2 protein chains.
Amino acid sequence: MTKSKILLVDDEPDVLEILSYNLENNGYKTFKAKDGKEAIEKAIKILPELIIMDVMMPNMDGIEACEILRKDPKFKNTIIMFLTARAEEYSHIAAFQAGADDYVTKPIKPKILLSKVNALLRRLNQDNISEGPIEIGNFVIDAEKYNVLFNGKYFVLPRKEFELLFLLASKADKVVKREMIMERVWGSEVIVGERTIDVHIRKLREKFGDNYFKTIKGVGYKFAKS
Amino acid sequence: MTKSKILLVDDEPDVLEILSYNLENNGYKTFKAKDGKEAIEKAIKILPELIIMDVMMPNMDGIEACEILRKDPKFKNTIIMFLTARAEEYSHIAAFQAGADDYVTKPIKPKILLSKVNALLRRLNQDNISEGPIEIGNFVIDAEKYNVLFNGKYFVLPRKEFELLFLLASKADKVVKREMIMERVWGSEVIVGERTIDVHIRKLREKFGDNYFKTIKGVGYKFAKS
DNA sequence: TGTTTAATTTAACTTTAAGTTAATATATCA
DNA sequence: TGATATATTAACTTAAAGTTAAATTAAACA
């Protein structure tokens, strides 16, 4: 993979230097701009993956620059991160509304900065193709809305029930082993009894009928479309 | 929500048919054009949300059509997506330069096509939220004026309350996780107790009633239109 | 600049719901 | 059939959220 390009925007050369130093040392290619106007010009040429930008700048501030960039489809996948002084009691909302993805407060702590940058760029590179609700049989299972549309009726399930249903439905027609269910729904740290899964399956059957959740004895369960 | 309109442009009727079939089956309204020239004429009438267009066409190719469309402010929010044969790798650069948002390679794989179309249109619909006040249910929430019109009455909320309401309303019907609320309303560096969110939710419920703010236990809250 | 008022947070406590267990019943398969 | 796995229930435990009042902090104002 090629180095990610990061555009740094701040009116203080010192800040640019700190940012650049830390990011270059961690394998990123950095570029600098001194205000919002220059940032936009450079962004168009460079097409960076990430822009780290001060909120308060002369000429054109970060929020305004962010809004302009967000209107250009070329930057629809570009991550924009703000720098704010802790003192500035500005509302985060303005920044997020303008299309920011995250922010870091000054003074900059290199560790925090890097962990955020890494996290954001990792997220960018992950394909988010498998988004949206699962539609299967009579079910529409929407993890975002946390609800289940079943035969035209909405259900709001308790968390574990929902996660169990979601897991089974997302592997429809395939057997999900009990240990896999444990791992996915309860996690490898929690220790709960074996019957717990059964009880939750039962709750699902109570709500949606017996047909959809098939027991594979000695193995696990599978979701059947009908 | 009304069906999104998609304009399909290709000189091969077969390709138009495949696209149309898959998209109509997924709740989109489609229109067809056989070259760039016809595409522009139809686009002006239809004002589609999305245009899917072959790069190589007789009369006027996709790139040229895209450039022309991009000059017209009517289409500043229209998404343009190209179809390219896998071989013609070179054209991607030209396409993006002309203002394309995405591309899909032929032969068309319906699943990939649909996930891209869904993702692009979802993003389009979200972006529009950031401009002007949010109108939802009985609420008109204006982040610029920092006020809330609810059932014909104006409210001026304290900052945190407002930001919480704004956040939930801007993702109406979707669950906003507690950690996301923390991050967005309080910021990732401030450390406040868990109950703080609850208390603010309670304040909102006091003002606007219990119906609008739904608890998803173990996850977060969601704004319900009614 | 101190004073007052409002906003925000905390802490203690209550309520509610979710999740688990364990005992018993039932089903399944060799 | 008999061994073994799963199903079912109800009782219980734990976790999460709701509520209130008091304490803290920030904002407004004279």
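Observations, loosely collected:
- Of the residues making up segment B:140-159, those that are open to solvent by 40 Å² or more (accessible area, probe 1.4 Å) and either of a type in the set (Val, Ile, Thr) or part of a loop (DSSP other than H, G, I, E, B) (or both) are B:Val140, B:Glu144, B:Lys145, B:Tyr146, B:Asn151, B:Gly152, B:Val156, B:Pro158.
- Residue satisfying all of: in segment B:212-226; over 17 Å from A:Val148 (Cβ atoms) and either basic (Lys, Arg) or more than 15 Å from DNA strand C (Cβ to nearest atom) (or both); surrounded by the fewest Cβ atoms within 10 Å (Cβ to Cβ) among these: B:Ser226
- Any hit, segment B:207-220, residues being touching a residue at least 40 places away in the same chain (Cβ under 8 Å), away from every other protein chain (no Cβ under 12 Å) and within 30 Å of B:Ser4 (Cα to Cα): yes
- Flag for B:Ser170 being surrounded by fewer than 18 Cβ atoms within 10 Å (Cβ to Cβ) and either among the small types (Gly, Ala, Ser) or within 15 Å of DNA strand C (Cβ to nearest atom) (or both): no
- Residues in segment A:188-198 that are surrounded by 12 or more Cβ atoms within 10 Å (Cβ to Cβ) and either touching a residue at least 40 places away in the same chain (Cβ under 8 Å) or near DNA strand D (Cβ under 7 Å from one of its atoms) (or both): A:Asp198 only.
- Residue that is farthest from DNA strand C (Cβ to nearest atom), among those in segment B:181-211 that are over 30 Å from A:Leu83 (Cβ atoms) and in a loop (DSSP other than H, G, I, E, B): B:Gly209
- Segment B:173-187, residues that are open to solvent by 40 Å² or more (accessible area, probe 1.4 Å) and within 20 Å of B:Arg122 (Cβ to Cβ): B:Asp173, B:Lys174, B:Lys177, B:Met180, B:Arg184
- Tally of residues being closer than 12 Å to A:Val9 by Cα, open to solvent by 60 Å² or more (accessible area, probe 1.4 Å) and in contact with a helix residue (DSSP H, G or I) (Cβ under 8 Å, 6 or more places away or on another chain) across segment A:49-60: 1
- Taken over segment B:172-181, the criterion of being of a type in the set (Lys, Arg) and farther than 10 Å from B:Ala224 by Cα is satisfied by B:Lys177, B:Arg178.
So that you can scan it fast, the table gives a plain yes or no per residue for (1) among the aliphatic types (A, V, I, L, M); (2) assigned to a helix (DSSP H, G or I):
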| site | (1), (2) |
| --- | --- |
| B:Leu8 | yes, no |
| B:Tyr21 | no, yes |
| B:Thr30 | no, no |
| B:Glu41 | no, yes |
| B:Ile44 | yes, yes |
| B:Glu64 | no, yes |
| B:Ile68 | yes, yes |
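- Exclusive hit being open to solvent by 20 Å² or more (accessible area, probe 1.4 Å), closer than 30 Å to B:Lys71 by Cβ and out of contact with any helix residue (DSSP H, G or I) (no Cβ under 9 Å at 6 or more places or on another chain), set A:Ile68, A:Ile40, A:Ile63, A:Ile46: A:Ile46
Table: residues versus (1) modelled with pLDDT under 80; (2) of a type in the set (Gly, Ala, Ser).
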residue: A:Val117; (1), (2): no, no
residue: A:Leu120; (1), (2): no, no
residue: A:Ser130; (1), (2): yes, yes
residue: A:Ala172; (1), (2): no, yes
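The values are calculated or read from the model by the stated rules, or taken from the named source; none is laboratory data. Keep in mind that what you see is a predicted model, and the values were worked out from it rather than measured. Using ideal geometry, Cβ is built from the backbone for each residue, glycine included, and neighbour counts are taken over all protein chains shown. SASA here: full protein model, heavy atoms, side chains in, ligands and nucleic acids out. Shrake-Rupley method; radii C 1.70, N 1.55, O 1.52, S 1.80 Å.
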